[in-house]
Amino acid sequence: MATEATAEAGKAVGMPQLDFSTWPNQIFWLLVTLVVIYLVLSKVALPRIGAVLADRKSTITNDLAAAEELKQKAVEAEKAYNDALANARTEAAKIIAAAKAEIQKDLDAATARADAEIAAKTAESEKSIAAIRDGAAAAVAEVARDTAVELVTALGGSADANAVSAAVAARLKG
Amino acid sequence: MEGELALMGKYIGAGLAAIGLGGAGIGVGNIAGNFLAGALRNPSAAPSQTANLFVGIAFAEALGIFSFLIALLLMFAV
Amino acid sequence: MATEEGSGLAIHPMDQFVVKPLFGDGPIQWYTPTNVTLWMAIAVLAVVALLVLSTRRRAIVPSRGQSVAELFYGFIHKMVEDVAGHEALKFFPYIMTLFMFVFLSNMLGLIPMSFTTTSHIAVTVVLALLVFLTVTLVGLYRKGLGFLAMFWVTSAPLALRPVLAVIEVVSYFVRPVSHSVRLGGNLLAGHAVIKVFAGFAGAMGVASVVPIAAIMAMYGLELLVAAVQAYVFTILTCVYLRDAVGDAHH
């Protein structure tokens, strides 16, 4: 294969890598290329990219600091809000307690008044009940005596008014 | 060197030299396999060792490339 | 291109690597603009487009192009810092240059009919030698003769140290060889294999769906290889650089 290739013009003769006549040419252009790339990189590209990266880093750091600050502020605001809320709560509790006490006082007074009235009414009622009861008891004795006299008369006896009264009184007592 | 015999010797030599690449293959596989075994044991340490992995593979491979070069030299340059 | 009439199955996987003059057909002098020049220039333009044009708005919230540029920057910056140490960050532009050049050359080389500059040993050898010389000179400059202490393994028994020193020195000088051949060889191999399959496809008629499927699979693998080899080249540069600038813990 290789021997056939060598016969042909313009084709590879053996390994082109080992064709030392082209080495100076390659080395020269390689050095030129390397110098150009080195200059481009060291003068333009690398400082620029490095600056961009540093910029970004500082921006991120600043942003993080700002975020931290905002967070601090938010925490403070929350604390203030909680404080206000707690104050409002105690205030409300105080107002409620005062209102409750007020109401209790009114309630107590009204209750006392009502109690007094009820007691008066009760006493009055008891008095009238007692009167009625006495009245009723007297009436019962009267009716019983009359009934007894009638009964005795009807049975054909002669009713001694005094004896009947005594008997009825004794019965009523018993 | 001229003649059929020299040509034959050249090709046989090139073929023999190419066997050396198999050794490089074994070496590279050995390195990669052992790296993987180690990485599975301790995955957290693996990323820090990839550079060593590639350096090791490069050293192992270079020797194979030498024999490849000998094969090429026999084929095309002798 | 891969097959020719009359000679049966003739595959020329190496044709794609031939260095040709862009204009005319003359001999290649050191200054001749060749296809090497063309594809390196395209790589430079790609670097400019990727890292300069995309970031010209300098947006705090990046666009897609700027995100990619920042991704490359962050990736290499982190690699240099992690692997080579904080001291090595002044070599960051240099390492970034190597990475961008190798990465983009590898990727541009995967465009069909293109020319892969990094598949040439000439290119990778120069890249690797630059790294080797940088590491050696910086090491000697910063640590003086103390740099040589890395060859003298104090953690080993005294009797073994001279032997280890020889091994260390040899492995130190083999570094640029393996560093360059790894990159060049990987790309050369991948592109040659794709070309060989393409040659099969040309000769097999209807059955060529099989090599075409194989080419697609290889192409996926080559995308991976192109990225990984650029990564490996760069990380090895960082590893070597650590010897020169980092704390001596070799």
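The values are calculated or read from the model by the stated rules, or taken from the named source; none is laboratory data. Note that the structure is predicted; figures quoted are calculated from it, not measured. Ideal geometry is used to build each Cβ from the backbone, glycine not excepted, and the neighbour counts take in all protein chains shown. The area values use the complete protein model at the heavy-atom level, side chains included, leaving out ligands, DNA and RNA. Shrake-Rupley method; radii C 1.70, N 1.55, O 1.52, S 1.80 Å.
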field: Test for C:PHE173: is it away from chain B (no Cβ under 14 Å) and open to solvent by 60 Å² or more (accessible area, probe 1.4 Å)
entry: yes
- request: Tally the residues that are over 18 Å from the mean Cα position of the chain (by Cα), in contact (Cβ under 8 Å) with a residue 12 or more places away in the chain and within 30 Å of C:VAL123 (Cα to Cα), restricting the search to the stretch C:201-250.
  value: 9
message: Restricting to the stretch A:42-67, give me the number of residues that are within 7 Å of chain C (Cβ to nearest Cβ) and open to solvent by 80 Å² or more (accessible area, probe 1.4 Å).
response: 1
field: Positions within the stretch B:56-67 being crowded, with 19+ Cβ neighbours inside 10 Å and of a type in the set (A, V, I, L, M), in sequence order
entry: B:ILE57, B:ALA58, B:ALA60, B:ALA62, B:ILE65
- prompt: Would you say B:ILE12 is touching a residue at least 12 places away in the same chain (Cβ under 8 Å) and among the β-branched types (Val, Ile, Thr)?
  reply: no
field: Selected residue [in a helix (DSSP H, G or I), within 16 Å of the chain's Cα centre (by Cα) and either surrounded by 20 or more Cβ atoms within 10 Å (Cβ to Cβ) or at the interface with chain A (Cβ under 9 Å from one of its Cβ atoms) (or both)] from C:LEU51, C:LEU104
entry: C:LEU104
- line: By residue number, the members of the stretch A:13-35 that are within 17 Å of C:PRO21 (Cα to Cα), of a type in the set (Val, Ile, Thr) and facing chain C (nearest Cβ under 7 Å) are A:THR22, A:ILE27
- request: Determine, yes or no, whether C:ALA149 is open to solvent by 10 Å² or more (accessible area, probe 1.4 Å), closer than 30 Å to B:SER48 by Cβ and out of contact with any strand residue (DSSP E or B) (no Cβ under 6 Å at 6 or more places or on another chain).
  value: yes
Selection count, the stretch C:186-204, where residues are open to solvent by 50 Å² or more (accessible area, probe 1.4 Å) and either farther than 27 Å from B:LEU63 by Cα or acidic (Asp, Glu) (or both): 4
- request: Can you work out which of the residues in the stretch C:54-76 that are under 21 Å from the mean Cα position of the chain (by Cα) and surrounded by fewer than 18 Cβ atoms within 10 Å (Cβ to Cβ) is nearest to the other protein chains (Cβ to nearest Cβ)?
  value: C:GLY74
message: Let me spell it out: the conditions are (1) open to solvent by 20 Å² or more (accessible area, probe 1.4 Å); (2) more than 9 Å from chain A (Cβ to nearest Cβ); (3) among the aromatic types (Phe, Trp, Tyr), and C:PHE99 meets all of them except one. Which number is the exception?
response: (1)
- request: Any residue in the stretch A:157-173 that's more than 10 Å from A:ARG145 (Cα to Cα): show its pairings with residues that are open to solvent by less than 40 Å² (accessible area, probe 1.4 Å) and assigned to a helix (DSSP H, G or I) at Cβ separation under 7 Å, as long as the two are six or more apart or on different chains.
  value: A:LEU172/A:ALA141; A:LEU172/A:ALA144
Residues of the stretch B:17-27 that turn out to be within 24 Å of C:ILE235 (Cα to Cα) and open to solvent by 40 Å² or more (accessible area, probe 1.4 Å), as a count: 4
field: Subset tally (residues that are more than 7 Å from every other protein chain (Cβ to nearest Cβ) and assigned to a loop (DSSP other than H, G, I, E, B)) for the stretch C:107-122
entry: 7
query: Given the residues B:ALA14, B:ALA46, which is the only one that is open to solvent by less than 40 Å² (accessible area, probe 1.4 Å), within 14 Å of chain C (Cβ to nearest Cβ), touching a helix residue (DSSP H, G or I) at 6+ places or on another chain (Cβ under 6 Å) and not β-branched (Val, Ile, Thr)?
result: B:ALA14
- prompt: Condition test on B:ILE70, is it within 11 Å of chain C (Cβ to nearest Cβ), open to solvent by less than 80 Å² (accessible area, probe 1.4 Å) and closer than 30 Å to B:ALA14 by Cβ?
  reply: no
